[in-house]
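Participant: Here you go, one structure.
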Amino acid sequence: MRFFDIQESGHISLHPNMTNQPLINNRLFKRRALQCLMLSGLFAFLTGCSLLPPDPPANQNNICSIFREQPQWYDYAKASEQTWGSPIATQMAFIHSESGFRSNIRPPRRKLLGFIPWSRSSSAYGYAQAQNPVWGEYMKDVGNPLARRTHMKYATDFIGWYNQRTQNRLNITLDNPTHLYLAYHEGQTGYRLASYRQKPRVIDTARQVGERSRLFSSQLSQCEQEFKCRRFYQIGPLCKK
């Protein structure tokens, strides 16, 4: 394609396509940028992703305060309870102990020669501190390749899934958060081998998780009605209590 015309006078005039080229490029860039933004927003909507993770709750010792700050967390934990049977209070007590409600937390890196950042002690990551191998098993089992450890929806669902598996494999009831946590921390094989008996700190943490679960359960009984059917469309048969 020619971008110039030779007129009868011998002068060279620019082709209109050439004079408009910067304007066309600018419009094309804006259109593509808008498309990328829309696709990112659609992906965020479909996966339940927020651009910035929420800050940890101001009062982590009161489950009512936690859910008042993040009411959608109640929805996630309730859905997990309905699917897997693990109580809401137990799920939140696990997350309190594992990550302190911080979404991107990982184990600290070891130091080589005392100052060079090196490998981490494990692949634990996210709210539930799920490690890579078992997280892979979870995603395969539930059939959701988009599940992320940094999202509370999947963290609560993972804990419910794992606790149900613990119940099936070790015969630990879902109302026994202390021993559920021991199996969660040590792994089901480790629990069967009683590896925790040589780890006083793990036993102490499990006791704390059990106590916190009971505290959360008592607190939730006083405020759960706030979080049920709070949306305008959750009336009549659409309100699942």
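This table checks each residue for (1) modelled with pLDDT of 95 or more; (2) surrounded by 15 or more Cβ atoms within 10 Å (Cβ to Cβ); (3) out of contact with any Asp or Glu (no Cβ under 6 Å at 6 or more places or on another chain).
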| site | (1), (2), (3) |
| --- | --- |
| T173 | yes, no, yes |
| Y191 | yes, yes, yes |
| A206 | yes, yes, yes |
| L215 | yes, yes, yes |
| I235 | no, no, yes |
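Residues are listed down the side, and each one gets a yes or a no for (1) surrounded by 12 or more Cβ atoms within 10 Å (Cβ to Cβ); (2) within 19 Å of the chain's Cα centre (by Cα); (3) under 19 Å from A130 (Cα atoms); (4) at pLDDT 95 or above:
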| residue | (1), (2), (3), (4) |
| --- | --- |
| H15 | yes, no, no, no |
| N26 | no, no, no, no |
| F45 | no, yes, no, no |
| Y76 | yes, yes, yes, yes |
| I88 | yes, yes, yes, yes |
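Participant: What are the residues in region 126-149 that are surrounded by fewer than 21 Cβ atoms within 10 Å (Cβ to Cβ), among the aliphatic types (A, V, I, L, M) and not in a loop (DSSP other than H, G, I, E, B), if any?
Facilitator: Selection gives V134, M139, V142.
The values are calculated or read from the model by the stated rules, or taken from the named source; none is laboratory data. Being a predicted model, the structure only gives us computed values, none of them experimental. A quick note on method: Cβ atoms are made from the backbone with ideal geometry, for glycine too, and the neighbour counts reach across all protein chains shown.
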